[in-house]
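These notes concern the structure reproduced below.
What follows draws every value from the coordinates through simple rules; no lab data is involved. Keep in mind that this is a model prediction, so the values were computed, not measured. FYI the Cβ positions are ideal-geometry reconstructions off the backbone, even for glycines, and counts take in every protein chain you see.
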Amino acid sequence: MSYHGKLTIDGIGNMIVVTGGAGFIGSAFVAKLNGEGHDAIIIVDELGSSEKWKNLVRRRYADYIHKGAFLEMIIGNRVPFPVGAIVHMGACSSTTEQDADYLIENNFHYSCFLADWALAHGVRFVYASSAATYGDGGRGFSDDDQQTRELQPINMYGYSKQLFDLRVLREGLQDRVAGIKFFNVFGPNEYHKGDMASVVFKAFHQIRETGKVRLF
């Protein structure tokens, strides 16, 4: 998929690219940027026929680019606007996804391409790791680098995230990128996540509809 848009960047400076910017956490991050007066933002996502577009209605940003078109820009080193930071929140976050090839391409390799480009161009790179990398918790929840190397995720999603964490350590990039591990996040704009919505979101609607919470 190719990108054919043009941006007028005079007077607005470097763009902040937010991948997954129409998603639950990504759109919340864009709202935070807007609240601090930033709207020089590029949303990178894959809307398809989902309801995620609704998360963008009240957001201010310069442009939306499909994730495939943005990857083409990155690989070809043809990003047509100045970038100040990439906040990489985009990923398949389904802990029940069984297609391992898809998860490695979408969650691991995509992250590698973005990180390599950002580092080569002196662009700040912040990415979403996951609490799923900790596995069953038997090895604790420390962020010590050596401990990270010993973690054993118990689902393919967690493993796809762990692969990138390990690459950061292997390449010695800890002081040049920042990874964030999210635990059971909940809040506005997660209505489109279906089975992957938070326990709080599900419980709220169950209580409102039936007066009870069904855990299993």
Between region 154-174 and region 90-114, what is the C-alpha centre distance in whole Å? 12
Restricting to DSSP loop positions (anything but H, G, I, E, B) with no more than 15 other Cβ atoms inside 10 Å of their own Cβ, which chymotrypsin sites (Phe, Trp or Tyr not before Pro) remain in region 23-100? none
Taking the Cα centre of region 34-153 as origin, work out the dipole magnitude from +1 charges on Lys and Arg Cβ and -1 charges on Asp and Glu Cβ, in debye rounded to 20. 500
Using the basic label-point model (7 angstrom from Cα toward the beta carbon), what is the Arg60 to Tyr102 distance in nanometres? 3.7
